[in-house]
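Below: the structure, in structure tokens.
The values are calculated or read from the model by the stated rules, or taken from the named source; none is laboratory data. All values reported here derive from a predicted model rather than from experimental measurement. Cβ placement follows ideal geometry from the backbone for every residue including glycine, while neighbour counts extend to all protein chains displayed.
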Amino acid sequence: MSMMKSVLAAGVLLASVSASPSFANDENPDPVYVFNRICYAQVPNLDAIQEMALELAWKSITDEELTEFRSYENPSVLRGWDVQVGERLFRVGITQAGLTDKMKESFPDLANGTATSCSMVLDDQQDATEFMANMQRLAGKQPISTDVPEGLLRTTTWAGGNDDLKVFLFAKAPPTNKGGLLNVTIIQR
């Protein structure tokens, strides 16, 4: 996918750049801002994320640790890193694969396409109500579902797209409201 299509893909869900969250401060950055820069603004261009990992000397995680990001049976890409930003430590994982049977059923026109995801596991330094509000600003629209129980987590989902791609943002928070997971998934032809 060309860089222009990548920008358009992200723009499908993002209302405006001014809506994006900003750093709280250099030592304690807003995790949604970090997610936006590392994942949301890059996907589906996984090469850009991998180049960022190399340039910024992110620490690769082990194959065993990668299993937490394996959301597709036979991914063509599965990589992950521990990322330090200021005094915060995040875990980032990327994956790409053909569509699952459920995705093909939901989006038959994209059945031969790919699903590309970038996830960021948050530390427990910020209350979920804060990062959920910032995800809402990043999405620029109302979620399609809110606080849906998923195991021990509550998931809020935003969706957008067009005939060529579908974009999903997920924010997951535990019952403690500390920590969580942010994800962007793009399904494209």
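Would you pick out the residues in segment 118-144 that are aliphatic (A, V, I, L, M), in contact with a strand residue (DSSP E or B) (Cβ under 6 Å, 6 or more places away or on another chain) and closer than 12 Å to PRO31 by Cβ? Listed by number, the residues that qualify are MET120, VAL121, LEU122, ALA128, MET132, MET135.
Inspect all residues belonging to segment 17-32 and state whether any of them is outside any loop (DSSP other than H, G, I, E, B) and at pLDDT 50 or above.
Within segment 17-32, the subset outside any loop (DSSP other than H, G, I, E, B) is 17-19, 31-32.
Imposing the further condition that a residue be at pLDDT 50 or above reduces the set to 31-32.
Yes, there is a match, as at least one residue in segment 17-32 is outside any loop (DSSP other than H, G, I, E, B) and at pLDDT 50 or above.
Comparison of ALA97, ALA115 shows that the only residue that is buried (at least 21 other Cβ atoms within 10 Å of the Cβ) and within 16 Å of the chain's Cα centre (by Cα) is ALA115. When GLN136 is tested against (1) at pLDDT below 95; (2) crowded, with 16+ Cβ neighbours inside 10 Å; (3) farther than 19 Å from VAL43 by Cα, exactly one condition is not met: (3). Counting only residues that are of a type in the set (Lys, Arg) and part of a strand (DSSP E or B), which one in segment 137-189 is farthest from PRO108 (Cα to Cα)? Here the residue is LYS178.
Can we say THR155 is modelled with pLDDT of 95 or more and either more than 30 Å from ASP47 (Cβ to Cβ) or within 15 Å of the chain's Cα centre (by Cα) (or both)? Criteria met by THR155. For segment 131-156, filtered to residues that are touching a Phe, Trp or Tyr at 6+ places or on another chain (Cβ under 8 Å) and among the hydrophobic types (A, V, I, L, M, F, W, C), the residue that is nearest to MET120 (Cα to Cα) is MET135. Looking across segment 67-94, just one residue is out of contact with any helix residue (DSSP H, G or I) (no Cβ under 9 Å at 6 or more places or on another chain), surrounded by 16 or more Cβ atoms within 10 Å (Cβ to Cβ) and under 12 Å from VAL121 (Cα atoms), and that is PHE69.
When the residues of segment 64-94 are narrowed to those that are in a helix (DSSP H, G or I) and not hydrophobic (A, V, I, L, M, F, W, C), which ends up nearest to the chain's Cα centre (by Cα)?
If we filter segment 64-94 for residues that are in a helix (DSSP H, G or I), which is where we start, we get 64-69.
Then drop every residue that is not not hydrophobic (A, V, I, L, M, F, W, C), which leaves 64-65, 67-68.
Working: GLU64: 21, GLU65: 18, THR67: 16, GLU68: 14 Å.
Checked segment 64-94; the qualifying residue nearest to the chain's Cα centre (by Cα) is GLU68.
The residue list THR114, THR67 contains one member that is polar (S, T, N, Q) and either touching a Ser or Thr at 6+ places or on another chain (Cβ under 9 Å) or modelled with pLDDT of 95 or more (or both), which is THR114. Against the numbered list (1) touching a residue at least 60 places away in the same chain (Cβ under 8 Å); (2) assigned to a strand (DSSP E or B), PHE131 comes up short only at (2).
Determine if segment 45-54 includes at least one residue that is over 22 Å from PRO31 (Cβ atoms), of a type in the set (Asp, Glu) and either at pLDDT 95 or above or part of a strand (DSSP E or B) (or both). Yes, segment 45-54 contains at least one residue that is over 22 Å from PRO31 (Cβ atoms), of a type in the set (Asp, Glu) and either at pLDDT 95 or above or part of a strand (DSSP E or B) (or both).
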